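A short reminder: the numbers here are calculations on the coordinates, not readings from a lab. Being a predicted model, the structure only gives us computed values, none of them experimental. Cβ placement follows ideal geometry from the backbone for every residue including glycine, while neighbour counts extend to all protein chains displayed.
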Amino acid sequence: MAIQIGNIKIGGPHFTVIAGPCSIESPEQFINTAQAVKASGAVILRGGIWKMRTSAQAFQGLGEEAFSMIQKVKALTGMGLISEITDISQVEATFDVVDAYQVGARNMHNYSLLKELGKQSKPVLLKRGFSAYIDEWLKASEYITNGGNQNVILCERGIRTFETATRNTLDINAVAYAKKHSGLPVIVDPSHAVGIADLVPQISYAAAAAGADGLMVEVHPDPSKALSDGAQALTFENFNKMMLQLERVLAAFDKGLNRLPQQMSSQHNEIHNPILM
Ligand code: PEP
Ligand code: MN
């Protein structure tokens, strides 16, 4: 089943790339990233409003201050936004700014949040908990679908294993398994899976080859200055290079990238000149 986010269908014949910063940090950072990822072929934006950080001292997101920036960026780019909500009160608070709710890895087992999202009609991106069995992840999705909201997209974002060289371990088996058994679209977050920007492209190609319906990738104008997850963020240039190669990988599977109506007519994969707002 394909799921509609804005004017894009995830899980249909085309491969969907969602991209943007880990956290929305400022109007300039968000608009410049949005314009750049769109020019390279991304069709949906990501960007954290409330962050679930391991450390209470780490940047927790701009919260409601981000709302006006989001409205402007969406109007300018014509792109939808997926953003994480971390508790039930945010379902209503973010209704006007998000096009799909993201449930983060740390909240996959938060069944009261999942039940609340089951009462909504907006799509939900359900990330796999970092220690969750595939079966627990698929069962968690039923807390949403049983409530009446069938618009669920699964996201494999890497799990904890004995390995520490990379941030997590992308469970490529889970991608193929969830595609076969869940009946839902499955995407991969290569950024949190590997945690090292240089390795994100290879992981992304592997995800495409394993049959994922899309990717969610972190991109930042200056990763060394990012307020969260800079080590795994791609620069605009590296994201653009990755997208070009990704199209070649997809072509081997007779697939292409999902496009926004505006991207069909304009030339893509040109580096966009950042504008200030
Ligand atoms: C994120 O997408 O920024 C995030 C916090 O991801 P996860 O829940 O997978 O850690
Ligand atoms: Mn992140």
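Taking region 192-209, which residues are buried (at least 19 other Cβ atoms within 10 Å of the Cβ), among the hydrophobic types (A, V, I, L, M, F, W, C) and either away from ligand 2 (no atom under 14 Å from the Cβ) or not in a helix (DSSP H, G or I) (or both)?
The answer is Ile203, Ala207, Ala208.
Can you tell me which residue is surrounded by the fewest Cβ atoms within 10 Å (Cβ to Cβ) among those in region 134-191 that are over 25 Å from Ile8 (Cβ atoms) and hydrophobic (A, V, I, L, M, F, W, C)?
Step by step, filter region 134-191, then rank; the result is Phe162.
Can you pull out every residue in region 172-196 that is touching a helix residue (DSSP H, G or I) at 6+ places or on another chain (Cβ under 8 Å) and under 22 Å from Thr54 (Cβ atoms)?
The answer is Val188, Pro190, Ser191, His192, Ala193, Val194, Gly195, Ile196.
Condition test on Ser228, is it on the phi < 0 side of the Ramachandran plot, part of a helix (DSSP H, G or I) and not aliphatic (A, V, I, L, M)?
Numbers: on the phi < 0 side of the Ramachandran plot: yes; part of a helix (DSSP H, G or I): no; not aliphatic (A, V, I, L, M): yes.
Judged against the criteria, Ser228 is not a match.
With the requirement that a residue be away from ligand 1 (no atom under 12 Å from the Cβ), outside any strand (DSSP E or B), surrounded by 19 or more Cβ atoms within 10 Å (Cβ to Cβ) and not polar (S, T, N, Q), what does region 231-250 give you? Quick ask: steps written out before the conclusion?
So in region 231-250, the residues away from ligand 1 (no atom under 12 Å from the Cβ) come out as 231, 234-250.
Filter once more, so that each one left must be outside any strand (DSSP E or B): 231, 235-250.
Right, trim to surrounded by 19 or more Cβ atoms within 10 Å (Cβ to Cβ) and you get 236, 239-240, 242-243, 246.
Across region 231-250, the qualifying residues are Phe236, Phe239, Met242, Met243, Leu246.
Condition first: in contact with a helix residue (DSSP H, G or I) (Cβ under 7 Å, 6 or more places away or on another chain), away from ligand 2 (no atom under 16 Å from the Cβ) and within 29 Å of Asn151 (Cβ to Cβ). Can you find one or more residues in region 220-242 that meet it?
Yes, region 220-242 contains a residue that is in contact with a helix residue (DSSP H, G or I) (Cβ under 7 Å, 6 or more places away or on another chain), away from ligand 2 (no atom under 16 Å from the Cβ) and within 29 Å of Asn151 (Cβ to Cβ).
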